[in-house]
Every structure is written in structure tokens, then in C-alpha cells.
1. Which FRET efficiency, nearest 0.05, do Asn155 and Glu193 yield, Cβ-Cβ r, R0 22 Å?
2. If I take R0 = 51 Å and measure r between the Cβ atoms of Thr93 and Leu216 in this structure, what FRET efficiency does the formula 1/(1 + (r/R0)^6) give, to the nearest 0.05?
3. When the dipole is taken about the Cα centre of segment 3-142, and only Lys, Arg (+1) and Asp, Glu (-1) are charged at their Cβ, what size is it in debye, to the nearest 20?
4. Report the gain in length on full extension from Glu343 to Val245: 0.36 nm times residue separation, minus Cα-Cα distance, nm rounded to one decimal.
5. Please give the charge dipole size of the chain, origin at the Cα centre, charges +1 on K and R Cβ atoms and -1 on D and E Cβ atoms. Round to the nearest 20 debye.
6. Which order results if Glu437, Glu402, Glu50 are arranged by neighbouring Cβ count within 10 Å, fewest first?
7. Around Val187, under 12 Å between beta carbons, what's the net of Lys plus Arg minus Asp minus Glu among the other residues?
8. Would you tally the net charge around Ile87, using a Cβ to Cβ cut-off of less than 15 Å, leaving Ile87 out, and scoring K and R as +1, D and E as -1?
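Every read-out reported here was derived from the displayed coordinates using simple, explicitly stated rules and does not represent laboratory data. Just so we're clear, the structure is a prediction, and the values are computed from it rather than from any experiment. All Cβ positions, even for glycine, are placed from backbone atoms using ideal geometry, and neighbour counts span all protein chains on display.
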Amino acid sequence: MKKSELIFTAILVPLDFLMLMLAGVSAYYIRFAEMTAEIRPVIFNLPFEEYFKILLLVSAAWIIIFSLAGLYKITISTKIIDEIYKIILACSTGLVAVIIFMFFQRELFSSRFIILASWILAIIYVVVARVVVRKLQRNFYARGIGTHKVVIIGNTPATERLIQLISTSNKLGLNIVKRYKYVDENVINDLKETAKNRLIDEIIQIDPNLSNNEVLQLLAICDEYHIIFKYAADMLGTKILKTEVHMIAGLPIVEIKNTPLDGWGKINKRIFDIVFSAVFIVLLSPIYLITAILIKFESKGPVIYKNERVSKDGYFNVYKFRSMRNEYCVGNNNPEALSYEQELIARQNTKDGPVYKIGNDPRITKIGRVIRRWSIDELPQFFNVFLGNMSLVGPRPHQPREVDKYNKNHKKVLAIKPGVTGLAQISGRSDLSFDEEVRLDVYYIENWSLLRDVAILVRTPIAVLRQRKVE
């Protein structure tokens, strides 16, 4: 999901709320205007302050109705007439709810004019705002901003129809970068190279004659490089549970959803990360200060150790309290320190697979051993979360030299932002094999929910307390 799509979708909620409030305020002032009062005198008392409080509650309730009506669902293309229909339906449902409420609480509100005017103006204002947002988004698409770079695979009349529609319209936000009429080894290799260079966002398969093996090869590329895979609805005999169907050029196009952590899921998770990382930073500030003083008192060098890690968006520096003597920190571009670490890995590695863990590490300071024992060294990663290159919950990030040793199945953990803690960390800490960690992380990615994130965060301190003493 492109950032621009998320931004435009996220904007709709506060924009709709603003339009609903504006409609209510407009209706109020129209009712109390001199011209309206002359036609129909005001015979009730409704102070604006009291009305405004009611309007806030009603507008918030209408936003919930809008959400239930599907007005915040992210789709490839929704016709404006369909969106207007949903707006009218949602506003009318809200109107009925207000009327029912007023039936039981008549003393709170006594103007049918304001209720009906608010309903009509809400429809008009929300529709106008949606049209403006659509127009703005189309202008971005026309400039190539936020468009999805698409590869089309197929050699059928439906394929030609789809290509023609995408090529002549910027409403879909799609940009065809390549088209293949068939799939062979050369096509697969070319797709891998293109995907590796991040030149495509989606693969749309319209060819019903592809073999299962060819389809699986395309899916493998999409999994490895985190590309959206879509196909014509009648092509795959395999039962796929997490799918979403879009209509393009009269053709049902099915998108395989690798994770619910997309669209609003991604927006909600980011808001959750910002709020709670800020809370944790404030609450843990005394521990930050004490730890920094102890590290500085015991050994020379910086308090914070920056180590390069890999995420779905590339490379970033993860922040940790320094637990080693400064001269042994590999992150300082010290070839001697790296060479010594390689010797230790060869002799004392306790992990299998592409990752390593050095047992009885002689480089760790006394304070470093304590803060590692209680995972205090990882607390600065809440700043990574606040800045946006990590999440509170997710797969643990690894170094580039470790990721280089991943096989194709391992790379699926790079589909989302890495986390400070995760399902693997609360299920066995350092006792799990790397393949077991990957299986747990993939399960988390495919079954994400905010409630699951909360549960993992709550269980993390328990897992830390149960952790074996750092050797």
C-alpha cells in the first residue's frame, strides 16, 4: 500500500467530521438568520454552546456509521456515484438515529428544521469534500505520484481490455511498466531482477493457461520481494482464504492479502506505535538516565550503540544502550572488532541458521551483562518506534550479513516493520531455533490484530523475567 493512499484515506475521517460539524453549524445559523426567522419565528431556546456539544457527539456517531457503511475502505477504484450512494445511505441512517434519540429525549432538541437542514447539508458538504479529495488524488496520479507500478501477464482479450483502460485513465492509480504474454524462465528471471530493484508494486495475472508451477513461481517472487499479487477470479483452483475482489474493466480481479496489516490496519498500528512509544519513553526516562550514567561511569565511549539492521524499507540504525567495551563495537566501522567477532562466532555461536548469538561473550562489560539480562539495553528502541523505522510489535530486525543468508521462506518476515518485541520473543526468547522464530513471525504477520499487539506487549515483561541469565 502506497503512503499516498494511506494519507488520502486517513484524511477522510477528520475531513468528514469537519464537514458534518460544518453542516450542523450552518443549519443552526440558517435557522436563526433574520430571513428564516421572519418566515418561521423561533419559538424555542437553544444556546449555541449547548447545541455545539450535542453536535460533537452526533458527528462522532455519524463517523462510526460512515465506517460501517464502508466509506473508509481502501479500494482500487470506486465510482463516485457508488460513493455518493453510500454517503446518502449513511447520512440517512444517522438521521433516523437522531430522530429516534430525539423521540426519547425531546427536551435536548426541538427544531425539526435544524435536523433536516443538517442532514441535507451533510450530504452536500461530504460529497463535495470527497470530490475534491478524489480530484487532488487524480492530479497526483497524473504526475506519477503514488501510482502503483504494475506488471501485466496475459495474452487474452480481457488482458488487452485491462491494458487499454489502465493506459487511458489515471483514476486507477496504476502504471504499467511491463507486460508479458507468457511465463518462462527468462520472464521469471527478468521479474526477479525488476522486483529486486523495487521497480514494480503489483503483478496482475490475466492468463488462464498458466500452469500451477508457473503461478507458484510468480507467488514466490511476490512473497520474496513483498509485491502485491492479483489474478483473474476464475484462474486459481487453490482455496485462498484472505482475498479481496476488485472490478476493473468489467473483470473481477482478486488480490491475495498476505496480512491484515494493510490499509487501515497499517494506519491504526502506526497511531498505536506513536502514542505508546511516547508514553514508554516518558515513563522509562528515569531508567534511561540511570543506565546512561552507569555505562559512562564504567567505560569510555558513547552511551548509545547504533547497529545497522534491515527492514522492508531498507537499512536503518537500531538504537541500544552500549553493553560492550567501545573498542569491540562492530558498529564503529572497526575492522579489528569485526574480525574478533567473527572468531568468537566461529568458536562460541549458540544459534543455528543465518543468525548468531555468542555465548560467554568476553566483550560485555559488567553493566552490560546486567542490562542485557533484563533487556534494558533494548529500551532506546522506543525512539526507533517513535521515529517510524520500527514498530512496538513485529519480527526482530537482523543485520545485513544475517539477512544475506536468509532463504526465500525467511524473507517473508521482512514484509512488515521489525518490532521491539514479538510473538517469537514471548514464546521462548533465545531458546527457539531460527526456523521456529520465522514460523511464529509469519503467523503473526498473517493474523495481525491490535488486540494481539496488546497481548504481546503485556506478556513481554513476563518473558523477560523468565529469561535465563545472560552468559
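1. Details: r = 22 Å, r/R0 = 1.00.
Once rounded, the FRET efficiency stands at 0.50.
2. The value I calculate is 0.70.
3. Charge dipole, segment 3-142, about its Cα centre: 460 debye, nearest 20.
4. 30.0 nm
5. Working: 61 positive and 46 negative charges, 143 e Å.
Here the chain has a charge dipole of around 680 debye.
6. Least to most surrounded, the residues fall as Glu50, Glu402, Glu437.
7. Counting the neighbours of Val187, the net charge comes to -2.
8. Result for the local shell: +2.
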